[in-house]
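Accompanying notes for the structure given below.
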Amino acid sequence: RLPGVLGRERRGGGRARGAAYWLRAAPSARGPVRGPMRFRARVESSSLPVLAGVVAALERMGPSAVLHLSEDFVRFSVLADVIDGGVQSFAEISRELVFREYLIESQADNCILLEVLLSNLSKALASGAASPITQIKLAKRGDTPCLSVATRALEVQVQHDIPVRVLRSANVSPPPGPPAAPASAGPLMRAPR
């Protein structure tokens, strides 16, 4: 079980704990991931609604998502239980569209796969609405890997440490994209009257 979001506020010292939820993964993907990994990004206030909107929309489709970070894009894959009527949802955001600064390093061709609760990520991004810059980075709190979202508005700095599970890229197959009809091109003629 992963604990919920841990929020810290530097002024006032408030601390909140969200609900816990069991995240499912293949048994082969449960082992610890070895090797150095770094991810750090900054989002300006003008681009934050794009990222927060995508996360909020995907949150309606399922509770958790696989977050695929690479040098060129950020991809979300929500794979709800299709047998029980769930919906598969995918979103891809270009790095240049949202992030002002972006650094990623890993031994897996600079790709990092994280499993994250979307409700926790959505709440953390919403706290940055009044902040000029929101910083997102991969951190480790004790033995728990976290996606740390830090915002600063006025004189208050708020940091959310969202527990994540780091997945091995070798054990996670990319989800199939949505089915699409083959592309066709040709003139469109109206029927004679």
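The values are calculated or read from the model by the stated rules, or taken from the named source; none is laboratory data. Keep in mind the model is a prediction, meaning the values are calculated, not measured. Reconstructed Cβ throughout: ideal geometry from the backbone, glycine too, with neighbour counts over all protein chains shown. Accessible surface is based on the protein model in full, side chains and every heavy atom, while ligands, DNA and RNA are left aside. Shrake-Rupley method; radii C 1.70, N 1.55, O 1.52, S 1.80 Å.
Which GluC sites (Glu not before Pro) in the stretch 43-78 sit in a loop by DSSP (not H, G, I, E or B) and have at most 13 other Cβ atoms within 10 Å of their own Cβ?
E71
Can you pull the percent of the stretch 102-161's accessible area that's carbon plus sulfur, 1.4 Å probe, other chains left in place?
So the carbon and sulfur contribution to the accessible surface is 50 percent.
Please compute the length gained on full extension between A91 and A153, using 0.36 nm multiplied by the number of residues separating them and subtracting their Cα-Cα distance.
Between A91 and A153, full extension yields an extra 19.4 nm.
What whole-number value in Å² describes the accessible area per residue of the stretch 80-165 for a 1.4 Å probe?
Accessible area per residue, the stretch 80-165: 49 Å².
In the stretch 60-149, what trypsin sites (Lys or Arg not before Pro) fall in a loop by DSSP, with at most 15 other Cβ atoms inside 10 Å?
Counting only loop positions with at most 15 other Cβ atoms within 10 Å, the trypsin sites (Lys or Arg not before Pro) in the stretch 60-149 are R60.
Stretch A80-S46 to full length: gain in nm at 0.36 nm per residue minus the Cα-Cα span?
Using 0.36 nm per residue and subtracting the Cα-Cα distance, I get 9.2 nm.
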